[in-house]
Amino acid sequence: AQKVTQAQTEISVVEKEDVTLDCVYETRDTTYYLFWYKQPPSGELVFLIRRNSFDEQNEISGRYSWNFQKSTSSFNFTITASQVVDSAVYFCALSHKAAGNKLTFGGGTRVLVKP
Amino acid sequence: DSGVTQTPKHLITATGQRVTLRCSPRSGDLSVYWYQQSLDQGLQFLIHYYNGEERAKGNILERFSAQQFPDLHSELNLSSLELGDSALYFCASSVAASGGSNEQFFGPGTRLTVL
């Protein structure tokens, strides 16, 4: 069975601080995919990134960066120099080849960025 | 804007009633997924359709059913509604049927309130 754990339920920071969101996953498959989605207060789910299990390279996109470590089954997400617009709930999700495209989500981490 | 549309945006109804939620996928996407987001269960996968055929079922109640039509839009039917069915229902779409690698793009959701 698949499982995604986001241990941090809420993180509060002041603008321009960095914030790191933890994601730990469980799967028995060797081929799997990891995702991060953002849910702003307006409610929609916005796709941020996808990584596959064979690619452990870290990725940076603007102020966002992701650290994928298979050895610890973690896929952490860092927002550098946070802004008020980053306030949202962030979800980590997992899918694996055997289960088709079904996404298993973590419980989400609410990020509050204060001005 | 993800390109996935959902109607209605809000729905308020009474226990025991039946409702239909509608979703149109992004242009070119053949897969449609339904997810339920509730406070106690989080984001849960319900069902997946690809090009009109059911591909996978998740935690979907027997009172719920879905279908995907030849024009690829999908409908989720919820019947004999209970208070606990109150939730945000998301539709997502992706290009492929399986493999797990394709990111899913989510619609804005339908917020269902059962009174």
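Roughly what % of Cα-Cα distances in chain B sit above 19 Å, to the whole percent? Beyond 19 Å sits 39 percent of the P(r) for chain B.
The mean number of Cβ atoms from other chains found within 10 Å of a Cβ in peptide A:103-113 is 3, as a whole number. Look at where the Cα atoms of region A:60-94 and of region B:1-43 average out, and the two centres are 26 Å apart. The GluC sites (Glu not before Pro) found in region B:17-73 that occupy coil by DSSP, while having at most 11 further C-beta atoms within 10 Å, are B:62.
The alpha-carbon positions of chain A define a convex hull whose volume is 93 Å³ per residue. For peptide B:104-111, the mean count of partner chain Cβ atoms within 10 Å of a residue's Cβ comes to 4.
For the peptides A:104-114, A:85-95, the ranking by packing is A:85-95, A:104-114, with the highest mean count of neighbouring Cβ atoms within 10 Å listed first. When A:66, B:34 are arranged by Cβ crowding within 10 Å, least crowded first, meaning fewest neighbours, the order is A:66, B:34.
Kindly provide the GluC sites (Glu not before Pro) of region A:43-115 that DSSP labels as loop, not H, G, I, E or B, and whose Cβ sees at most 13 other Cβ atoms within 10 Å.
Working: sites: A:44, A:56, A:59; in loops: A:44, A:56.
Qualifying residues, ordered by number: A:56.
When you filter the trypsin sites (Lys or Arg not before Pro) in region B:1-70 for DSSP loop state and at most 11 other Cβ atoms inside 10 Å of their Cβ, you are left with B:9, B:18.
Take each residue of peptide A:49-56, count the partner chain Cβ atoms within 10 Å of its Cβ, and average: the result is 1.
Computed from the coordinates by the stated procedures, all read-outs in this text should not be read as laboratory data. Just so it is clear, the structure is predicted and the values come from calculations on it, not from any experiment. No Cβ is skipped: glycine too gets one built from the backbone with ideal geometry, and neighbour counts run over all protein chains shown.
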